[in-house]
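Notes follow once the structure below has been shown.
The values are calculated or read from the model by the stated rules, or taken from the named source; none is laboratory data. Because the structure is predicted, anything quoted here is derived from the model rather than measured. Cβ placement follows ideal geometry from the backbone for every residue including glycine, while neighbour counts extend to all protein chains displayed. With ligands, DNA and RNA removed, areas are computed over all heavy atoms of the protein, side chains included. Shrake-Rupley method; radii C 1.70, N 1.55, O 1.52, S 1.80 Å.
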Amino acid sequence: MADDIKPRLRIPATAKKGEVVEINTRLNDEPALVNSDPYGDGWIFAVEVADPSALDGLMDAAAYRALVEG
């Protein structure tokens, strides 16, 4: 499945090194979950990050919301 998605899925340049370990195949039948439940059943994929400390400078959802909402 991962090979089928790879050519169509672009990850922003901010992505860190790691390996996709799981893909939410439920989205094949229910793509609206990405919008209706992004922090629950609408997740897209799980990544095992090679160096977890590389994520230290990234924003969490609350910080991003504060940034865009001002």
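Here are a few things to note about the model shown:
- Counting the residues of the range 38-49 that are at pLDDT below 95 and of a type in the set (D, E) gives 1.
- Any pair with Cβ under 9 angstrom, 6 or more apart, that starts in the range 17-31 at a residue that is open to solvent by 90 Å² or more (accessible area, probe 1.4 Å) and ends at one that is β-branched (V, I, T): K17/V49; E19/V47; E19/V49; E22/V47
- When the range 37-57 is filtered for residues that are open to solvent by 90 Å² or more (accessible area, probe 1.4 Å) and not aromatic (F, W, Y), the ones remaining, listed by number, are E48, D56.
- Filter result (surrounded by 10 or more Cβ atoms within 10 Å (Cβ to Cβ), at pLDDT below 90 and among the aliphatic types (A, V, I, L, M)) within the range 58-70: L58, M59
- Of all residue pairs spaced 6 or more apart or on separate chains, those with beta-carbon atoms under 8 Å, a first member in the range 46-59 that is closer than 18 Å to E22 by Cα and a second member that is at pLDDT 85 or above and open to solvent by 80 Å² or more (accessible area, probe 1.4 Å) are A46/V21; A46/E22; V47/E19; V47/V21; E48/E19; E48/V21; A50/E19.
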